[in-house]
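The values are calculated or read from the model by the stated rules, or taken from the named source; none is laboratory data. What you see is a predicted model, and the numbers here were worked out from it, not measured in a lab. Here Cβ is always computed from backbone atoms with ideal geometry, including for glycine, and neighbour counts include all displayed protein chains.
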Amino acid sequence: MNITHYLRLSNITIYLVILSAQLSTFAQTSLTLSDAAIQITWKKGNAGYQVNRVSVRKDGKLTYLNFPSGEYTILYSATKPDSVPLLDQVDAHAKTFPEPIYKYIINTWHENLKPVPMNTAGTALHFFPEQGTKSGQEIVFMHQAKQASLQATWKLDTQYPGDLLVSMQLTAQQAGYFSLSTPTLATISEKDLRWGIIPGHLQGISLQDDLVLSYAYGQGIPRRPIVVRDRTATTLAPLFSQKNGLTLAVIPQPGTSRDPWQQDHNTHSDWQLGLSLMNRKGQLTPTAYHPVLGEKGSYLKAGESLTFSFRYSLQASDWYTVYKHAIYDIYHFRDFLSLKQTRQSLTSRIESMHRYVNSDSTSLWRTEQFNGQTIGAQAYLGGVVGSDKDAMKNSDYGAMWMLTTVTGDSLLNKTRLPYARNFKLMQQQSEPGFFQGAAVGQYYLSKSHRFTEEWGPYVEPIGLTYYTMLDMGNILLFEPNDTELKERLRQGAERLLSWQYPDGHWEVAYDRQSEKPRFTELQDLRPTFYGLLVAYRILGDERYLFAARKGADWFIHNATERGNFLGVCGDLRFVPDFATGQSVQALLDLFDITGDNRYKTAALQTARIYTASIYTHPIPTKEIKNVNGTTHQDWEISQVGLSFEHGGSIGSANMHGPIPLASHAGMFIRLFAITQDSLFLDMARAAAWGRDAFVHQPTGVASYYWRTMNAGAGPYPHHAWWQIGWITDYLLSEVSLRSEGKITFPRGFITPKVGPHQTYGFANGKIFGQLTRLYMPDGLIQVDDPQVDYWTATAVQTPRIFVLLLNNDDQAKTSTLKLNSQKILRNGQATIRSVELWDAKGKQIKQLDTSGKWNVSVPAFGLTIAVIDYESNPTNR
């Protein structure tokens, strides 16, 4: 080889080495992850690795997040963060909120204004990582700071295209308190915002300048980087939807949040995960923090480490699709149903509570004299302003009349209903004046001989709807010839009409003395219009329907479309609650009457928002827990599937957790029938089934709050009526669903005030075309399997009993059914002539003997009907 040729080869070799180095350097300065759904590219600049582009592929087209970032944030404090509320850093409204009378929420609100939730605590270390390498389908970023080093591993989820898995490990270089924030994948401009939500806390279509409205009432997105607690975050998925059709969520890995009952004690209020819709800089982006600065796990010595794993979910879909992805795919909500077992059927609970409400001593039934009338109600030992442990209240009038009717109970008919009716009449002001027709208070104070509202001397239009229109309306379904009640209902309707503004809305309340509006900073974002719909159905006056529609139209525009709602619990100053669920049923009832699809569409939109009032985490397990000396598996005491009374930053769920009172369950079954959206079905069943750990076995009454487990009715004996009402609504809605609408019974009106369940038993229904009426006297039926529920009905035109058997398990069940033939007739005895089993389509599947005791099989999640023909004994004729 000559020297010239040798030098030429050497030069080529050097060139290739240099080129290889340059290509290697280029490869490390541009890093990309992509799958069939998304592509994310980082570019290295002077500041470090920044996200250069985020795109989503749908239908062959690419859509981009407009403001990619990739910035990381670590919160650090050498000492435990300050715990003094930042009253000097908020406006006058937030500083003075709430008024001193609202003792239940003052401390909670001040806790919310401390530096950690206000996101001012510690030092924020913002950076783009210095180093980044890609190996296979993983990218690892590393960064070194004076306080800590960070390693973050990013990879795509091969099971769920569009999901990006991130695991971060922080190692302390200095001792102190640390909190890891999810990196800012991209930010969203205010003008691009279509919807933002932290489920359980707040939601809206825009930013809200008033901190009280956004942070306390959940009406819009706070215009500051508030960090909310996980104890009332129902689904761990803060998210944004953009107007270009993209939705971005951050979903922490299961197990990151608190376990509400750890081993043998209540840990509901442990704060392990913070959620926000802004990063520390106040830019719009879904964000999570773990651990929370100053809380458990946040203190590290030099050399110690902590980790935080989560996922981004970026989809070209609406918020609800991504939200359901978090619920089903990440937190495995549906798996909960396969764990459920029960020791007492829901029907058996109704029978137990029937005995409970019949007893003066257990139900705390009382009668008092007022204005020459004997009024009756149950003692109320909860908080009422002005009460000296003398408050009285009735709850579900529809359930009272329903149970009396379907059981034929003469004791209820003679000793409860007349005095409950008198209570209702005396509760309404009949004298002329500004409040004529209104319910002047839902409670009666026997020592001071007056009716009062829960938390002050005011009268609410929604209270008129509740305690005049709905209660009287439900009574009139059973007593259509009660002319006095009809006149009182008309007075209520006329008062609602007079209080309605031309655009359709009402005030939140009026002061009893001055008659001036109260709570004027709030809008009446509640289903007040429903009272006029009740008046229309009972009285037939078209003016009432017109006004109901006008009120509903205002509600849709101001509440549903904006995601802004108001509650009905005065003791917590009307923070959003189950009234939102009532709004759904109110709109559906208005759709049924008018046929106007706008009301159906708005009902479904509101219902999807209301699902965010129901817990979907942590994932229930079979781990053994000890509760007040009793052993339970974790799933038995799980919050998953339960709704809260009111959540957000100041609702009762902060201290007490959710409530087992599942008023929404029947409505959710009906919503599934309309939409085939399985979330409604699964949430209804998760709430209703297998809740023995919260049920006081001697009475069948469930505790009101999760925190108290199975302490029974406690200070709320009237809750038994609500529980009878919601369970009946749920079971009969399941019957209708499983029979594909071939078994139906007319529904009455929504009950005040705990949710949207409705009453039954006032009119005939149909079972495969046969006219029937609900009929379930005590002791008629026994079923030995607690996972098989039942209801009974009797044919109107022939001597026939239908036993509707519901299997609430994912496996087929064979149970023993016993019929007491002496209970078939209210007066006299009957003889069974023939017995058939029908399937859910009304087809005969088996002929049985006439012994009165049978083994009956019911398919998984199925319905079987026992059809029993009888004849009355000759001595009865």
Being surrounded by 24 or more Cβ atoms within 10 Å (Cβ to Cβ) and small (Gly, Ala, Ser) is the filter here; which residues of the range 658-684 pass it? 662, 663, 665, 666, 684
Residue under question is residue 515, and the condition is that it be part of a loop (DSSP other than H, G, I, E, B), under 33 Å from the mean Cα position of the chain (by Cα) and either at pLDDT below 95 or among the charged types (D, E, K, R) (or both); does it hold? no
Among what's in the range 537-569 and is in contact with a helix residue (DSSP H, G or I) (Cβ under 9 Å, 6 or more places away or on another chain) and without any contact (Cβ under 8 Å) to a residue 40 or more places away in the chain, pick the residue that is surrounded by the most Cβ atoms within 10 Å (Cβ to Cβ). 546
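Can you pull out the helices (runs of 4 or more DSSP H) entirely within the range 389-479 that have at least 1 residues that are over 29 Å from residue 575 (Cα atoms) and out of contact with any Leu (no Cβ under 8 Å at 6 or more places or on another chain)? Lay out the reasoning, then the answer.
Numbers: elements: 397-407, 410-415, 417-427, 461-464, 471-478.
Those helices (runs of 4 or more DSSP H) span 397-407, 410-415, 417-427, 471-478.
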Which members of the range 100-147 meet the condition of being within 34 Å of the chain's Cα centre (by Cα) and without any contact (Cβ under 8 Å) to a residue 40 or more places away in the chain? 100, 103, 106, 107, 110, 111, 113, 114, 115, 120
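Quick one: which residue in 194, 231 is buried (at least 20 other Cβ atoms within 10 Å of the Cβ), among the basic types (Lys, Arg) and closer than 30 Å to residue 524 by Cα? I'd like the intermediate steps shown before the answer.
Numbers: 194 fails: buried (at least 20 other Cβ atoms within 10 Å of the Cβ).
None of the other options fit; the residue is 231.
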Go through the residues of the range 429-439 one by one and say whether even a single one is buried (at least 22 other Cβ atoms within 10 Å of the Cβ), closer than 30 Å to residue 826 by Cβ and either touching a strand residue (DSSP E or B) at 6+ places or on another chain (Cβ under 6 Å) or not acidic (Asp, Glu) (or both). no
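Residues 484, 479: which one is surrounded by fewer than 21 Cβ atoms within 10 Å (Cβ to Cβ) and either within 17 Å of residue 749 (Cα to Cα) or touching a strand residue (DSSP E or B) at 6+ places or on another chain (Cβ under 7 Å) (or both)?
Values: 484 fails: either within 17 Å of residue 749 (Cα to Cα) or touching a strand residue (DSSP E or B) at 6+ places or on another chain (Cβ under 7 Å) (or both).
Among 484, 479, only 479 is surrounded by fewer than 21 Cβ atoms within 10 Å (Cβ to Cβ) and either within 17 Å of residue 749 (Cα to Cα) or touching a strand residue (DSSP E or B) at 6+ places or on another chain (Cβ under 7 Å) (or both).
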Pairs with Cβ under 7 Å, 6+ apart, first in the range 355-379 and within 20 Å of residue 715 (Cβ to Cβ) and in contact (Cβ under 8 Å) with a residue 24 or more places away in the chain, second of a type in the set (A, V, I, L, M, F, W, C) and in a loop (DSSP other than H, G, I, E, B): 378/364; 379/364
Here are some conditions: (1) in contact (Cβ under 8 Å) with a residue 60 or more places away in the chain; (2) crowded, with 18+ Cβ neighbours inside 10 Å; (3) touching a helix residue (DSSP H, G or I) at 6+ places or on another chain (Cβ under 7 Å). Residue 85 meets all but one. Which one does it not meet? (1)
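Residues that are among the basic types (Lys, Arg): which strands (runs of 3 or more DSSP E) entirely in the range 110-177 hold 1 or more of them? Give the derivation first.
On the way: elements: 123-127, 131-135, 138-144, 148-156, 163-172.
Of the strands (runs of 3 or more DSSP E) lying wholly inside the range 110-177, those with at least 1 residues that are among the basic types (Lys, Arg) span 131-135, 148-156.
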Applying the selection to the range 292-311, what residues are under 29 Å from the mean Cα position of the chain (by Cα), assigned to a loop (DSSP other than H, G, I, E, B) and surrounded by fewer than 23 Cβ atoms within 10 Å (Cβ to Cβ)? 295, 296
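Can you go through 378, 373 and tell me which one is within 21 Å of residue 727 (Cα to Cα), more than 25 Å from the chain's Cα centre (by Cα) and assigned by TED's automatic domain parsing to the domain that holds residue 694?
Of the residues listed, the single one that is within 21 Å of residue 727 (Cα to Cα), more than 25 Å from the chain's Cα centre (by Cα) and assigned by TED's automatic domain parsing to the domain that holds residue 694 is 378.
Pull up the range 772-786, narrow it to residues that are more than 23 Å from residue 410 (Cβ to Cβ) and in contact with a strand residue (DSSP E or B) (Cβ under 7 Å, 6 or more places away or on another chain), then point me to the one that is surrounded by the most Cβ atoms within 10 Å (Cβ to Cβ). Even if it seems obvious, please write down each step before you answer.
Here is the first cut: in the range 772-786, the ones more than 23 Å from residue 410 (Cβ to Cβ) are 783-786.
Those still in the list that are in contact with a strand residue (DSSP E or B) (Cβ under 7 Å, 6 or more places away or on another chain) too: 783-785.
Numbers: 783: 22, 784: 11, 785: 19.
Of everything passing the filter in the range 772-786, 783 is surrounded by the most Cβ atoms within 10 Å (Cβ to Cβ).
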Taking the range 570-595 and keeping residues touching a residue at least 60 places away in the same chain (Cβ under 8 Å) and either β-branched (Val, Ile, Thr) or in a loop (DSSP other than H, G, I, E, B) (or both) leaves 573, 574, 575, 576, 577, 578, 584, 593
Residue check: is residue 655 in a helix (DSSP H, G or I), surrounded by fewer than 20 Cβ atoms within 10 Å (Cβ to Cβ) and of a type in the set (A, V, I, L, M, F, W, C)? yes
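Scan the range 690-722 residue by residue and report those that are part of a helix (DSSP H, G or I) and surrounded by 22 or more Cβ atoms within 10 Å (Cβ to Cβ).
If we filter the range 690-722 for residues that are part of a helix (DSSP H, G or I), which is where we start, we get 692-694, 706-708, 719-722.
Once the filter is applied, which keeps residues that are part of a helix (DSSP H, G or I) and surrounded by 22 or more Cβ atoms within 10 Å (Cβ to Cβ), the range 690-722 yields 694, 706, 719, 720, 721, 722.
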Looking only at the range 604-648, which residues are outside any loop (DSSP other than H, G, I, E, B) and under 18 Å from residue 577 (Cβ atoms)? 606, 607, 608, 609, 610, 611, 612, 613, 614, 643
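Within 28 Å of the chain's Cα centre (by Cα) and outside the structural domain of residue 163 (by TED's automatic domain parsing): does that describe residue 350?
Numbers: within 28 Å of the chain's Cα centre (by Cα): yes; outside the structural domain of residue 163 (by TED's automatic domain parsing): yes.
Yes: the conditions hold for residue 350.
Return the residues of the range 601-646 that are charged (D, E, K, R) and free of Cβ contacts under 8 Å to residues at least 24 places away in the same chain; say none if nothing qualifies.
Let us first name the residues in the range 601-646 that are charged (D, E, K, R), namely 608, 622-623, 625, 634, 636, 645.
Selection gives 623 alone.
Based on what the data block shows, is residue 545 at pLDDT 95 or above, part of a helix (DSSP H, G or I) and in contact with an Asp or Glu (Cβ under 7 Å, 6 or more places away or on another chain)? Working first, answer last.
Working: at pLDDT 95 or above: yes; part of a helix (DSSP H, G or I): yes; in contact with an Asp or Glu (Cβ under 7 Å, 6 or more places away or on another chain): no.
Considered against the rule, which asks whether it is at pLDDT 95 or above, part of a helix (DSSP H, G or I) and in contact with an Asp or Glu (Cβ under 7 Å, 6 or more places away or on another chain), residue 545 comes out as no.
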Options 822, 782; residue that is closer than 30 Å to residue 357 by Cβ, outside the structural domain of residue 727 (by TED's automatic domain parsing), in contact with a Lys or Arg (Cβ under 6 Å, 6 or more places away or on another chain) and not in a loop (DSSP other than H, G, I, E, B): 782
Just give me the residues in the range 732-764 being touching a Lys or Arg at 6+ places or on another chain (Cβ under 9 Å) and of a type in the set (A, V, I, L, M, F, W, C), in sequence order. 732, 737, 743, 745, 749, 763
